[in-house]
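*Asks:* Questions regarding the structure given below will be posed in turn.
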Amino acid sequence: MKTDATLTVNGTDYPIEIDPHLSLLKAVRDEIGLTGSKEGCDDSECGACMMLLDGRPVNACSYLAMQAVGKQVMTVEGLAGGEQVGALQAEFLQQGGVQCGFCTPGMLVSATALLRRNPTPTEDEVRLALAGNLCRCTGYGGIVKAVMETAAGHVPRLPSPPAHEVRPAPHHAG
Ligand code: FES
Ligand code: FES
């Protein structure tokens, strides 16, 4: 049975109906309409679905939407507004860290979490932080280099605290 609930994503409240078995990934993509986070394996293996939950990276495919109620969910769309994350994205392009781009949203989310807790990571620390994000295209060298190049002096900031704007999810608007 579906329950009325509110998910706070990228600082906006979205009132939606949540089935108890609905994953956070499906709620955000299918109910709210933010499709930046990707579904790869749907089994906690690939990291394409990575989101920040109260600042910590989680595999949203394996996290129940109901568990995210009352928490701050941040997706790759929410990271895009910050100038520093722009630098991270630019380095991904510059260093050849993007080919098909399917893994990129999850990589950016995981790298953001890393750089916020450790602004000057070693290469080993970058590789460890991205160990849960799989890429079939780039061979990881460009991705790791992009995070290393961004690290010096570029701590990604998270979006401003929620303004608690309430926006109907597309499926339930009108
Ligand atoms: S889709 Fe979530 S880890 Fe692969
Ligand atoms: S760029 Fe294609 S999966 Fe990573």
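The values are calculated or read from the model by the stated rules, or taken from the named source; none is laboratory data. All values derive from a computational prediction rather than experimental measurement. A quick note on method: Cβ atoms are made from the backbone with ideal geometry, for glycine too, and the neighbour counts reach across all protein chains shown. The accessibility values were calculated without ligands, DNA or RNA, using every heavy atom of the protein model including side chains. Shrake-Rupley method; radii C 1.70, N 1.55, O 1.52, S 1.80 Å.
*Asks:* Roughly how tilted is helix 83-94, in degrees to the nearest 10 and between 0 and 90, from the longest Cα axis of the chain?
*Replies:* 60 degrees
*Asks:* Select from the range 94-139 those trypsin sites (Lys or Arg not before Pro) which occupy a DSSP coil region and have at most 13 other Cβ atoms within 10 Å, ordered by residue number.
*Replies:* Sparse-neighbourhood loop trypsin sites (Lys or Arg not before Pro): 136.
*Asks:* Specify whether the C-alpha gyration tensor of the range 1-82 places it in the rounded, prolate or oblate class, a ≥ b ≥ c being the square roots of the eigenvalues: rounded for a/c under 1.5, otherwise prolate if a/b is larger than b/c and oblate if not.
*Replies:* oblate
*Asks:* Same structure, new question: Residue by residue through the range 126-134, what is 3J(HN,Hα) from phi via Karplus (6.51 cos²θ - 1.76 cosθ + 1.60, θ = phi - 60°)? Round to whole Hz and write x for glycine and proline.
*Replies:* 5, 4, 5, 5, 9, 4, x, 10, 9
*Asks:* Right, another one. Let me cross-check residue 49: its accessible surface, 1.4 Å probe, with only protein heavy atoms counted, in Å² to the nearest 10?
*Replies:* Approximately 0 Å² of residue 49 is accessible to the 1.4 Å probe.
*Asks:* Lys and Arg at +1, Asp and Glu at -1: add these up for the other residues within a Cβ distance under 12 Å of residue 101 and post the number.
*Replies:* It works out to a net charge of +2.
*Asks:* Next question. Hey, what do the phi angles of the range 38-54 turn into as Karplus ³J(HN,Hα) couplings, whole Hz, using 6.51/-1.76/1.60 and θ = phi - 60°, x for Gly and Pro?
*Replies:* Result, rounded to whole Hz: 9, 9, x, 8, 6, 8, 6, 9, 9, x, 5, 9, 4, 10, 9, 10, 6.
*Asks:* Residues with amide H under 5 Å of residue 23's amide H, sequence separation 5 or more or different chain, H placed in the peptide plane at 1.01 Å from N; which?
*Replies:* Amide H neighbours of residue 23, under 5 Å, 5+ apart: 65.
*Asks:* Another question, then. Given charges of +1 on the Cβ of Lys and Arg and -1 on the Cβ of Asp and Glu, with all other atoms neutral, how large is the dipole of the chain about its Cα centre, in debye to the nearest 20?
*Replies:* 220 debye
*Asks:* Can you report the principal axis dimensions of the chain using only the alpha carbons, biggest first, rounded to whole angstrom?
*Replies:* Rounded to whole Å, the extents work out to 46, 32, 24 Å.
*Asks:* Another one. Using each residue's phi in the range 12-20, evaluate 6.51 cos²θ - 1.76 cosθ + 1.60 at θ = phi - 60° and report the 3J(HN,Hα) Karplus result to the nearest Hz, with x for Gly and Pro.
*Replies:* In residue order, the calculated couplings are 10, 8, 10, x, 9, 9, 10, 6, x Hz.
*Asks:* Mind checking which lysines have their C-alpha under 22 Å from residue 71, skipping anything on the same chain fewer than 8 residues away?
*Replies:* 2, 26, 38
*Asks:* Of the GluC sites (Glu not before Pro) in the range 22-114, which ones lie in a loop per DSSP and count no more than 15 other C-beta atoms within 10 Å?
*Replies:* Answer in residue order: 45.
*Asks:* Order 124, 43, 19, most accessible first, counting only protein heavy atoms with a 1.4 angstrom probe.
*Replies:* Final ranking, largest accessible area leading: 124, 43, 19.
*Asks:* Shifting gears a bit: What trypsin sites (Lys or Arg not before Pro) in the range 2-63 are in a loop by DSSP, with at most 12 other Cβ atoms within 10 Å of the Cβ?
*Replies:* 2
*Asks:* Counting each DSSP H run of 4 or more residues in the chain as -39500 (n - 2.57), what helix-only mean residue ellipticity at 222 nm follows after dividing by all residues, to the nearest 500 deg cm²/dmol?
*Replies:* Counting only the DSSP helices, I get -8000 deg cm²/dmol.
*Asks:* In what sequence, largest accessible area first, do 66, 50, 1 appear using a 1.4 Å probe?
*Replies:* The most accessible residue leads, giving 1, 66, 50.
*Asks:* Turning to a different aspect of this structure: Relative to the longest principal axis of the C-alpha atoms of the chain, give the angle of the C-alpha long axis of helix 141-151, reported between 0 and 90° and rounded to the nearest 10°.
*Replies:* It is inclined by approximately 80 degrees.
*Asks:* What is the Cα centroid distance between the range 5-29 and the range 55-78, reported in whole angstrom?
*Replies:* Measuring centre to centre over Cα atoms gives 9 Å.
*Asks:* Mind checking the angle between helix 104-117 and the chain's longest principal axis? C-alpha axes, 0 to 90 degrees, to the nearest 10.
*Replies:* Approximately 80 degrees, to the nearest ten.
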